[in-house]
Amino acid sequence: MMAQHLNRVSRATIVRFTVKICVSMLLAALSKGGFFLAASAWLILYAAFTGILAVLLKERIEKESFNHLDEMLWLAATSQAFEMAYRVTS
């Protein structure tokens with residue numbers, strides 16, 4: 001199984017990403033606006049803060065494990081996917 005080969009840092013990054021997705025979807029469901037647009041906004045906000053944290057921690061893209069920079073890119077890509085879903089459904 002692939003998850004067995006991930007190191008502790010990579011697993012923590014995936015957990016953080018998953019939690020941020022879930023929280024964004026929960027907050028979007030509670031918003032009065034469109035779900036996809038609200039989820040996209042929360043995700044890009046998380047991506048911005050994650051990117052700032054990566055810079056403060058002086059992280060670099062690594063081959064060995066995922067880190068905040070990878071998480072930031074995943075959040076931004078997911079945000080764009082929700083933005084596209086909003087445009088398609090509107």
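Below are the figures for this structure:
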{"read-out": "Convex hull volume per residue for the chain, taking Cα atoms only, in Å³", "value": "102"}
{"read-out": "Cα→Cβ-extended label distance, 7 Å offset, between Val23 and Arg11, nm", "value": "2.1"}
{"read-out": "Vicinal HN-Hα couplings computed from phi for the stretch 73-82 (Karplus, 6.51 cos²θ - 1.76 cosθ + 1.60; Hz; Gly/Pro x)", "value": "5, 5, 5, 5, 5, 5, 4, 5, 5, 5"}
{"read-out": "Long-range amide H partners of Phe66 with built H, under 5 Å", "value": "Ser10"}
{"read-out": "Candidates Leu75, Leu37, Leu57, ranked by Gaussian network fluctuation over the chain, Cα under 10 Å, top entry", "value": "Leu57"}
{"read-out": "Rounded to the nearest 20 debye, dipole of the chain from Cβ charges on Lys, Arg, Asp, Glu", "value": "120"}
{"read-out": "Positive-end residue of Ser79, Leu30, Ala12, charge dipole of the chain with Cβ unit charges", "value": "Leu30"}
{"read-out": "Probe 1.4 Å, protein heavy atoms only - accessible area per residue of the chain in square angstrom", "value": "69"}
{"read-out": "Cut-off 14 Å, label 7 Å out along Cα→Cβ of Ala85, residues of the stretch 2-38 by amide N", "value": "21-30, 34-38"}
{"read-out": "Gap separating the Cα centres of the stretch 71-90 and the stretch 1-51, nearest whole Å", "value": "11"}
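The values are calculated or read from the model by the stated rules, or taken from the named source; none is laboratory data. As the structure is a computational prediction, the values presented were derived from the model and not from experiment. Don't worry about glycine lacking a Cβ; one is built from the backbone with ideal geometry, like all the others, and counts go over all protein chains shown. Keep in mind that these areas ignore ligands, DNA and RNA; they rest on the heavy atoms of the full protein, side chains included. Shrake-Rupley method; radii C 1.70, N 1.55, O 1.52, S 1.80 Å.
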